[in-house]
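Novice: Below you'll find the structure I mean.
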Amino acid sequence: MKIALCFLIISLAVIGCENAKNDCELSPCNPQRETVKEVADQTGIMSYDQAVEKWTIIVSIQGTYDSQDIGIICNELPENLKSEGLSVVFDGVYKAKCGDNRAAIPGSVYYYLHLTYFQGVND
């Protein structure tokens with residue numbers, strides 16, 4: 001019985017590792033990556049991130065004073081929306097980023113972001 005239980009645990013661990021590895025082998029903006037969360041009517045700030053060399057949307061997490069989600073935008077953006085500091089409202093799907101997804105700033109986490117709706121906001 002103990003041998004069967006050990007075999008089952010090891011098998012599940014190997015299968016779990018293989019699935020994680022397969023997800024990490026996908027291209028960065030592949031829509032088949034694991035969905036972390038979906039958002040609607042989310043507000044954020046546009047920023048060009050030099051570390052990843054892509055446009056991102058930074059969202060401050062309510063109830064915290066320094067936590068942020070940084071969505072690396074996978075969609076093509078119109079030129080008029082590529083504006084540092086622009087307030088935006090969007091719907092989208094956050095996808096897992098393999099490896100260390102923490103930003104240099106503590107409390108900030110990177111995700112790949114597939115936008116389904118996106119609009120600049122006039123302040």
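The values are calculated or read from the model by the stated rules, or taken from the named source; none is laboratory data. Computed from a prediction, not measured in an experiment: that's the story for all the values here. As a convention, Cβ positions derive from the backbone with ideal geometry for all residues, glycine included, and neighbour counts pool all protein chains shown. Each accessible area value is taken on the protein alone, full model and side chains, heavy atoms only, with ligands, DNA and RNA left out. Shrake-Rupley method; radii C 1.70, N 1.55, O 1.52, S 1.80 Å.
Novice: Please work out which residue is surrounded by the fewest Cβ atoms within 10 Å (Cβ to Cβ), limiting yourself to the range 36-49 and to residues that are closer than 14 Å to Tyr111 by Cα and of a type in the set (A, V, I, L, M, F, W, C).
Specialist: The qualifying residue surrounded by the fewest Cβ atoms within 10 Å (Cβ to Cβ) is Val36.
Novice: Are any residues in the range 50-77 open to solvent by 30 Å² or more (accessible area, probe 1.4 Å), among the hydrophobic types (A, V, I, L, M, F, W, C) and in a strand (DSSP E or B), and if so, which ones?
Specialist: Trp55, Ile58
Novice: All but one of (1) in contact (Cβ under 8 Å) with a residue 60 or more places away in the chain; (2) more than 14 Å from the chain's Cα centre (by Cα) hold for Ile45; which doesn't?
Specialist: (1)
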